[in-house]
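The values are calculated or read from the model by the stated rules, or taken from the named source; none is laboratory data. Source: prediction; values computed, not measured. When we count neighbours, we look across all protein chains shown, and the Cβ atoms used for this are built from the backbone with ideal geometry, even at glycine. All accessible areas refer to the heavy atoms of the entire protein, side chains included, with ligands and DNA or RNA removed. Shrake-Rupley method; radii C 1.70, N 1.55, O 1.52, S 1.80 Å.
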Amino acid sequence: MPIIIENLSHVYMPGTPFESKAIDNINLTIEDGEVFGLIGHTGSGKSTLIQHFNGLLRPTTGRVVVNGIDITNKNVDLKKLRSKVGLIFQYPEHQLFEETVVKDVAFGPKNLGLSQEEIQKRVKEALALVGLDYDVLKDRSPFELSGGQMRRIAIAGVLAMKPEVLILDEPTAGLDPRGRDEILEQIKNLHMKHKITVILVSHNMEDIARMAGRVGVMYRGKLIKTGTPRQVFSDYDTLKKAGLGIPQVTKLMKMLKEQGKAVRTDVLTVKEAENEILSMLRGKKHA
Ligand SMILES: Nc1ncnc2c1ncn2[C@@H]1O[C@H](COP(=O)(O)OP(=O)(O)OP(=O)(O)O)[C@@H](O)[C@H]1O
Ligand SMILES: [Mg+2]
């Protein structure tokens, strides 16, 4: 289910002294099966934008078309839409509230009116998808678990609705490096094995470089650039304007280049950097 955003603007509290334009005339298409990374300085409008994708926010002007349907129309079934376009908020563990893990993960599917049997099946599957053991955790209170586990339970709650599009707002914020790697690995798996479209909002340039096939840069409510991670992270002027950094390895290669070393500067991963440095050193030996 492709998501098409046309001339979208969003004004919070219009007609009051607090009126502010959070989204300013954005056009964007998210294709089926892509991993789209959204970056931007704090307050640039990322969270506001993604909440339009499943109808949580209504545009002030413009259209949002999901799977061919204009979801800004009044008679759209928003419940169904939200089960297909799953949104995981920043710090989703703050929204856990049931007394057991199973009840929490089952909350969404229950609301969809599914049979007990189907709910049970989905809860088991969703917990497995985020790498948690149903038998060990099912009767535990989510609040006794670690922060990383709580976050995964919250994500499982959305996965249990079997979304076709998964939107994650800062899924690794506040996690330690191990928790961060695990979550990203599971998102990657979901995308590869289940062909889920993923929209990932992050302040972390490494996460985006690692995960995204395409990246969008937000600045003051506008989408000022889209492109592959290589295209975006080599456009220093745009990133500077948007107040953003570049991945550490990209920065390292840029520094080497500035020192006159013959290396590429559009490098995104440690492996690529290693290869570049090795071939630079070999080149020197042969010279
Ligand atoms: N509920 C709201 N009411 C009024 N203004 C809001 C509301 N939510 C966000 N804003 C304003 O809209 C603008 C965009 O905010 P938004 O939360 O979408 O940015 P963001 O890019 O997600 O930021 P962050 O990286 O800090 O999460 C900001 O100026 C913010 O203050
Ligand atoms: Mg935000």
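Here is how the numbers come out for the structure above:
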quantity: Residue satisfying all of: in the stretch 250-268; assigned to a helix (DSSP H, G or I) and among the charged types (D, E, K, R); most open to solvent (accessible area, probe 1.4 Å) among these; calculated: 258
quantity: The stretch 199-211, subset more than 16 Å from ligand 1 (Cβ to nearest atom) and under 20 Å from residue 42 (Cα atoms), residue most open to solvent (accessible area, probe 1.4 Å); calculated: 206
quantity: The one condition in (1) within 16 Å of ligand 2 (Cβ to nearest atom); (2) in contact with a helix residue (DSSP H, G or I) (Cβ under 7 Å, 6 or more places away or on another chain) that residue 71 fails to fulfil; calculated: (1)
quantity: Search result, residues across the stretch 86-106 that are modelled with pLDDT of 95 or more and part of a helix (DSSP H, G or I); calculated: 101, 102, 103, 104, 105, 106
quantity: Pairs with Cβ under 6 Å, 6+ apart, first in the stretch 145-157 and without any contact (Cβ under 8 Å) to a residue 60 or more places away in the chain and assigned by TED's automatic domain parsing to the domain that holds residue 186, second surrounded by fewer than 22 Cβ atoms within 10 Å (Cβ to Cβ) and outside any helix (DSSP H, G or I); calculated: 148/175; 152/132
quantity: Sole exception among (1) touching a residue at least 24 places away in the same chain (Cβ under 8 Å); (2) open to solvent by less than 40 Å² (accessible area, probe 1.4 Å); (3) touching a strand residue (DSSP E or B) at 6+ places or on another chain (Cβ under 6 Å) for residue 238, by number; calculated: (1)
quantity: Residue within the stretch 118-126 that is farther than 24 Å from residue 189 by Cα, in contact with a helix residue (DSSP H, G or I) (Cβ under 8 Å, 6 or more places away or on another chain) and among the aliphatic types (A, V, I, L, M) present; calculated: no
quantity: Candidates 164, 185 - the one that is more than 16 Å from ligand 1 (Cβ to nearest atom), more than 21 Å from residue 41 (Cβ to Cβ), open to solvent by 10 Å² or more (accessible area, probe 1.4 Å) and free of Cβ contacts under 8 Å to residues at least 12 places away in the same chain; calculated: 185
quantity: Residue in the stretch 113-135 that is small (Gly, Ala, Ser), surrounded by fewer than 16 Cβ atoms within 10 Å (Cβ to Cβ), within 16 Å of ligand 2 (Cβ to nearest atom) and outside any helix (DSSP H, G or I) present; calculated: no
quantity: Entirely in the stretch 1-83, the strands (runs of 3 or more DSSP E) that have 1 or more residues that are within 12 Å of ligand 1 (Cβ to nearest atom), assigned by TED's automatic domain parsing to the domain that holds residue 231 and surrounded by fewer than 20 Cβ atoms within 10 Å (Cβ to Cβ); calculated: 3-12, 20-30
quantity: The stretch 164-214, subset part of a helix (DSSP H, G or I) and of a type in the set (Gly, Ala, Ser), residue modelled with the highest pLDDT; calculated: 209
